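Notes for the one structure printed next.
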Amino acid sequence: WQDKAIGFVFIGRISPDKRPLEIIQILKKVREKGLGVHVHILGNTGLDKNYVNSVEEEARMNPSWVFYEGKVSRNKLSLIVASHGYGISGKKFEHFGIAIAEMVRAGNIVFVNDDGGQVEIVGKNEDLIYHSDDDAVMKIVKMISDEKLQAESLEKLRKTEILYSKEHF
């Protein structure tokens, strides 16, 4: 855990329903609280090219902490996820969230919206489930600032991650 970057990974289609722009704004507020986090945005582009352009523009405007990766190889995705401590999902009403399960399996502490199957993937851990974007900011700041809470959350996630192993599927 100590070797992982204090940064976030977002995995998902670059489209309004996955909310990468909102994720950038959440993490911008976390940075305004004095925490130097960054984010890697990984995923295929959606059909809304204007939205994709907006995400790319945010990355260009914030090159020191927003890294728009787009579609990457499976190997590169695995390396980025494994080297970062945190993951975040913006999708509301996610039925399952395979990307969330992948991040949990990689040892990330993953923050998710309060609905859908993603809540199950993080073991219904209220420290990781946000009810609004402002709640996400508060919970992220609290988590990054509290090593005991990090250890407890990682332990809880280890108990649920076995459900998402290759063997279990």
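The values are calculated or read from the model by the stated rules, or taken from the named source; none is laboratory data. Every value quoted in this text rests on a predicted model; they were computed, and no experiment measured them. Here the Cβ is made from the backbone with ideal geometry for all residues, glycine too, and neighbour counts use every protein chain on show. Each accessible area value is taken on the protein alone, full model and side chains, heavy atoms only, with ligands, DNA and RNA left out. Shrake-Rupley method; radii C 1.70, N 1.55, O 1.52, S 1.80 Å.
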### Query
Given the conditions (1) open to solvent by 50 Å² or more (accessible area, probe 1.4 Å); (2) in contact with a Pro (Cβ under 7 Å, 6 or more places away or on another chain), and given that G90 satisfies all but one, which numbered condition is not satisfied?
(1)
### Task
Kindly indicate whether K76 is open to solvent by 50 Å² or more (accessible area, probe 1.4 Å), touching a residue at least 60 places away in the same chain (Cβ under 8 Å) and not in a strand (DSSP E or B).
no
### Message
Of all residues being over 15 Å from the mean Cα position of the chain (by Cα) and of a type in the set (S, T, Y) in segment 42-73, which is least open to solvent (accessible area, probe 1.4 Å)? Just the residue, please.
### Response
Y51
### Query
Within segment 3-41, how many residues are open to solvent by 40 Å² or more (accessible area, probe 1.4 Å) and part of a strand (DSSP E or B)?
1
### Query
Which ones in segment 114-149 are closer than 12 Å to K92 by Cβ, open to solvent by 10 Å² or more (accessible area, probe 1.4 Å) and of a type outside the set (G, A, S)?
D114, D115, V119, H131, D133
### Query
Given the residues R105, R158, which is the only one that is within 24 Å of P20 (Cα to Cα) and open to solvent by 10 Å² or more (accessible area, probe 1.4 Å)?
R105
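Among I80, I6, I24, which is the only one that is out of contact with any Phe, Trp or Tyr (no Cβ under 8 Å at 6 or more places or on another chain) and closer than 23 Å to R158 by Cα? Walk me through it before giving the result.
Numbers: I6 fails: out of contact with any Phe, Trp or Tyr (no Cβ under 8 Å at 6 or more places or on another chain); I24 fails: closer than 23 Å to R158 by Cα.
Going through I80, I6, I24 in turn, the sole match is I80.
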